Amino acid sequence: MGYLMFKHAHMAMAFATLALFVGRGLHRLVMEPKTVGPVQKSFNYMSYGVDILLLVLGLYLLTVWAATDAPLMWVGAKLIFLVLYIAVGVFAFRPVLPKPYRWLCFSLAVLLWVLMYKTAKLKVPFWQWFG
Ligand code: HEM
């Protein structure tokens, strides 16, 4: 019962992080704010909180999985996507690249989220998806 609660909390945080990423990203890319207002600041802090919870819950789930004989390669694959998601997310948010590239990074980040989700659901690493 306890484990399922943590797993659902982890999943809820996964959706919350996507919603916050898309909302904050679109605000930056479409509105191009010149200063960081109090609302934007509070969404930024909310996002950091959600990400910390997502990762801590994920690590807890992993400790439970690690105590079993189940193969864990898919978790490694998910972490590869996570690192790439963070990297392209940074480039989508920061105005260091021209706008079309920032949109590309934004779209890639959403795609990487979908790949993380798919990996978690299938519990198979992406290099084994097609047989
Ligand atoms: C430190 C990073 C992470 C670790 C160690 C981790 C670990 C885990 C583990 C061990 C499970 C298996 C739970 C179970 O089925 O019993 C799980 C489930 C899940 N994770 Fe993560 N996770 C991490 C990050 C993420 C991220 C960033 C996402 C965003 C898409 C995500 C989405 C999911 C989903 C949707 C499930 C549930 C899949 C199902 O229905 O069985 N995780 N995670």
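The values are calculated or read from the model by the stated rules, or taken from the named source; none is laboratory data. What you see is a predicted model, and the numbers here were worked out from it, not measured in a lab. Positions of Cβ are backbone-derived with ideal geometry, glycine not excepted, and every protein chain shown enters the neighbour counts.
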Checklist entry - Counting only residues that are surrounded by fewer than 13 Cβ atoms within 10 Å (Cβ to Cβ) and either assigned to a loop (DSSP other than H, G, I, E, B) or touching a helix residue (DSSP H, G or I) at 6+ places or on another chain (Cβ under 6 Å) (or both), how many does the range 4-37 have? => result 6
Checklist entry - When you scan the range 69-118, how many residues do you find that are of a type in the set (Lys, Arg) and surrounded by 14 or more Cβ atoms within 10 Å (Cβ to Cβ)? => result 3
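Tell me, which residue of the range 37-93 that is of a type in the set (Gly, Ala, Ser) and away from the ligand (no atom under 14 Å from the Cβ) is farthest from THR119 (Cα to Cα)?
Ranking the candidates gives GLY37 first.
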Next on the checklist: With closer than 30 Å to PRO33 by Cα, in a loop (DSSP other than H, G, I, E, B) and at pLDDT 95 or above as the only criterion, which of LEU97, LEU111, LEU84 stands out?
Outcome noted: LEU97
Checklist entry - Picking from LYS118, LYS78, LYS123, LYS34, which residue would you name as being out of contact with any strand residue (DSSP E or B) (no Cβ under 8 Å at 6 or more places or on another chain), at pLDDT below 95 and of a type in the set (Lys, Arg)? => result LYS34
Item to check | Qualifying positions in the range 46-73 - assigned to a helix (DSSP H, G or I) and either among the β-branched types (Val, Ile, Thr) or touching an Asp or Glu at 6+ places or on another chain (Cβ under 9 Å) (or both) | outcome: VAL50, ILE52, VAL56, THR63, VAL64
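Considering only residues that are among the hydrophobic types (A, V, I, L, M, F, W, C) and touching a helix residue (DSSP H, G or I) at 6+ places or on another chain (Cβ under 7 Å), look in the range 94-109 and name the one that is nearest to the ligand (Cβ to nearest atom).
Start the filter on the range 94-109 by keeping residues that are among the hydrophobic types (A, V, I, L, M, F, W, C), which leaves 96-97, 103-106, 108-109.
So of that shortlist, the ones also touching a helix residue (DSSP H, G or I) at 6+ places or on another chain (Cβ under 7 Å) come out as 97, 103, 105-106, 108-109.
Working: LEU97: 23, TRP103: 21, CYS105: 17, PHE106: 16, LEU108: 15, ALA109: 11 Å.
So, considering only residues that are among the hydrophobic types (A, V, I, L, M, F, W, C) and touching a helix residue (DSSP H, G or I) at 6+ places or on another chain (Cβ under 7 Å), the one nearest to the ligand (Cβ to nearest atom) is ALA109.
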